[in-house]
Amino acid sequence: MRRDLTPDEIQAALKRLPRLEERITKYADMLAEEQTVLLRFKGVGHLTKEQALKLGTVGPTARASGVDYDIRKDDPYIAYADVPWKVVTDQHGDVFGRTLVRVGELQDSLQIVRYCLENLPAGPIRAASPRAAPRAEILSRYEAPRGELVHFIRTNNTDKVERLDIRTPSLANWTSVAVSLVNQNLADIPVVVAAIDQIDPYRRKEVELTAELGDAPVPAHVDPLQMQEVFVNLLRNALEATDRGAVTVRLETRPGYRVATIADTGHGIPEEIRARIFQPFVSTKRHKGGTGLGLALSRNIVTSHGGEIQFTTSPGKGITVTIGISNGNVW
């Protein structure tokens, strides 16, 4: 811990919990009653318990398919064995179930915080760390918001780590996303991807991410894994390019096409590379990051589905990417 809490700080934190509890209850009521949410989430991105176990799925994604597994309970660490709480699971196995699990975990987390604040023990808050670590190999697991996060560390009698490997829960869950997208509509791709909480690392608190998905699905025959790659790449680019403002995802039907639009209010694309943005190794990132292959691959995927991808941009006013998949597409 960085520092201890004073009695006044504990009381101030406890007084704020009822307000959080009200907001969480509001989210739970919205899930139960909001028809738009029910329409967009129920039956979308289904994953059975057997599939979740076979694919090594972790976290809320697995627990929403009935897998009762949480490192905090199955291999307790720090104070979890001493705190009363329960593993939140659901049997729906779809985006609706994953959302129910996350809201349930919000409610449970609030109770964990309240219990810890009310039962905080006295005593030292820091352990003395050695100047060097003995030669050893350590495997550490803990429950991150997206699921089991694994660290492997090898030390060598010095103050430096010899080897460090990390297995993130997002990596464990990506295969399940591909499986749960099979036979889904084009409109379901962003919803299913968002359900594993993958986009959030690229978000900034000054950027608002909104989705205008309409009341009805926009069906299209696509390869879900390939189109997932396109959407994740374009959303990531939009979020990284926007320091403040908004990123909007819009799905609609136009004459002859199913259309997806991703628009941001970021820095735009410099004029000198606009004509070359779909060429390999041309990066649109301001700081020359990335491989420059994402847009080239995205265009190849969209055109292989009989579709089109177009950009409109101006410096300082953002980028709008439009993907159109023909109604006659039978890929």
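None of the figures in this text is laboratory data; all of them are computed from the coordinates on show. Just so it is clear, the structure is predicted and the values come from calculations on it, not from any experiment. Positions of Cβ are backbone-derived with ideal geometry, glycine not excepted, and every protein chain shown enters the neighbour counts.
Over the Cα atoms of segment 7-118, how large are the radius of gyration and the largest Cα-Cα distance (Dmax), in Å?
16.0, 49
DSSP H helices in the chain with Cα extent of 20 Å or more along the helix axis and mean Kyte-Doolittle hydropathy at least -0.5?
Membrane-span-like by this rule: 95-118, 224-241.
What does the convex hull of the alpha-carbon atoms of the chain project to on average, in nm²?
Working: hull surface 83.0 nm².
Convex hull of Cα atoms, orientation-averaged projection: 20.7 nm².
Please list 4-14, 143-153 highest first by mean number of surrounding beta-carbon atoms within 10 Å per residue.
Put in order of decreasing packing, that is 143-153, 4-14.
Kindly flag which residue pairs out of K42/K86; K42/K317; K26/K317 have an alpha-carbon separation exceeding 27 Å in this structure. Walk me through the intermediate numbers first.
Working: K42/K86 24 Å; K42/K317 36 Å; K26/K317 36 Å.
As for pairs spanning more than 27 Å Cα to Cα, those are K42/K317; K26/K317.
Going by Cα centres, segment 253-273 and segment 68-133 are how many Å apart?
41 Å
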